[in-house]
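Structure first, commentary second.
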Amino acid sequence: MAATVLALLLKVSIAMSQPLSIDFSERLDKLWEFSKPAESAIRFSEELAKHPAGSREALETATQIARTQSLQRQFKEADATLDGVAPLLDKVPVRVRVRYLLERGRTRNSGGDKAASVLLFTEAVTLWNSDTLPGADYYRVDALHMLGIATPPAEQIVWTRKALAAAGASPDPRARGWRASLLNNIGWSYFDAGDPATALTFWQKALPLRQAAGDSEAIRVAKWTIARGYRATGKLDDAERIQKALVVEMEKAKEPDGYVYEELAEIAVARGNKTLAAPWAAKAYELLKDDGYLKANEAARLQRLAELGTGMVKAK
């Protein structure tokens, strides 16, 4: 993939960008389906082929191809794609550099080099005033939100609150649309710090924003997260009610979710009933055992599901 992208970027001499629709960045973002990065990559490759090599459109599209590669943990390929963008950044609007920095930073963060990613995200924030294209606030909030993920735990809430303030103050509806994600992230910061009750209050604030936006997948995630907060605060009946409703919804849509099954297993364990937990854990393990992120970062979690579901000492 990276070689193909490079070839498309460099196959002709650098072309000056033609004036773009002010909506190009937003239109590009609409090609995303983050849960399916491989399918998204196909759409971005098709978009890339529409534009002159070296143009703003081609380079900005390439940054999103790099993101599809990073999401698939193809970090070398993502870096190679971004290496093809880097020499051409002075020829195009600042927006492309901002998006380049965001994707190089995400690649570093996902690859485990958080210190390097923080520098990249910080630089993206500083370029906000230089980005004169419509939608600059959206990418500023994105960079602040990534600092809330990549910085040490003690700093994360500070950065995420800055992102939330920037989103709330923006006249751009897309920038304001970040608020639900940021409330979710603040909640997780409190949760990871051992304060699930406070986390739950932020997650409950995020749900109506998700519902107003109308994204069914995001709404399901928001409900799942609230149920996770209920389990952590001992409200097992409330947690189970939400998760079982999600089972009905996702199975009707033929979109089973291993994380929902995992929660139902853990709720049964919290009630002291490992027998009831076993079938839920088995379903969860089957769906999650090949998840690249979990295998790389939470192998013990997969092992627990395997043991709860089958009694195996070691996951296969």
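Quick look at the values:
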| quantity | calculated |
| --- | --- |
| Residue in the stretch 271-282 that is of a type in the set (Ser, Thr, Tyr) and without any contact (Cβ under 8 Å) to a residue 24 or more places away in the chain present | yes |
| Condition met for Ala53 (of a type in the set (Gly, Ala, Ser), in contact (Cβ under 8 Å) with a residue 40 or more places away in the chain and surrounded by 22 or more Cβ atoms within 10 Å (Cβ to Cβ)) | no |
| Output for the stretch 152-185, where each listed residue is over 24 Å from Ser130 (Cα atoms) and of a type in the set (S, T, N, Q) | Gln156, Ser181, Asn184, Asn185 |
| Matching entry among Arg99, Arg73, Arg106 (being within 16 Å of the chain's Cα centre (by Cα) and over 24 Å from Trp188 (Cβ atoms)) | Arg99 |
| Among the candidates Gln74, Gln64, Gln69, residue that is of a type outside the set (Asp, Glu) and open to solvent by 10 Å² or more (accessible area, probe 1.4 Å) | Gln74 |
| Among (1) over 15 Å from the mean Cα position of the chain (by Cα); (2) closer than 28 Å to Val158 by Cβ; (3) hydroxyl-bearing (Ser, Thr, Tyr) - the single one Thr81 does not satisfy | (2) |
| Test result for Ala62, touching a Ser or Thr at 6+ places or on another chain (Cβ under 8 Å), modelled with pLDDT of 95 or more, assigned to a helix (DSSP H, G or I) and farther than 23 Å from Asp291 by Cα | yes |
| Test: residue in the stretch 152-164 that is within 26 Å of Ala38 (Cα to Cα), open to solvent by less than 10 Å² (accessible area, probe 1.4 Å) and either in contact (Cβ under 8 Å) with a residue 40 or more places away in the chain or touching a Phe, Trp or Tyr at 6+ places or on another chain (Cβ under 8 Å) (or both) | no |
| Top-ranked residue of the stretch 178-234 - restricted to ones that are open to solvent by 60 Å² or more (accessible area, probe 1.4 Å) and charged (D, E, K, R), ranked as nearest to Glu255 (Cα to Cα) | Glu217 |
| Residue list for the stretch 21-50, restricted to those being loosely packed, with under 15 Cβ neighbours inside 10 Å, basic (Lys, Arg) and under 23 Å from the mean Cα position of the chain (by Cα) | Arg27, Lys30, Lys36 |
| Pairs where the first residue, in the stretch 82-95, is among the polar types (S, T, N, Q) and the second is surrounded by 15 or more Cβ atoms within 10 Å (Cβ to Cβ), C-beta under 7 Å, 6+ apart | none |
| Residue ID - nearest to Ala166 (Cα to Cα), chosen from residues in the stretch 93-132 that are assigned to a loop (DSSP other than H, G, I, E, B) and open to solvent by 70 Å² or more (accessible area, probe 1.4 Å) | Thr132 |
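The values are calculated or read from the model by the stated rules, or taken from the named source; none is laboratory data. Values in this document were obtained by computation on a predicted structure and should not be read as measured data. Cβ: placed from backbone, ideal geometry, glycine included. Neighbour counts: every protein chain shown. Calculation scope for accessible area: heavy atoms of the full protein, side chains included, ligands and nucleic acids excluded. Shrake-Rupley method; radii C 1.70, N 1.55, O 1.52, S 1.80 Å.
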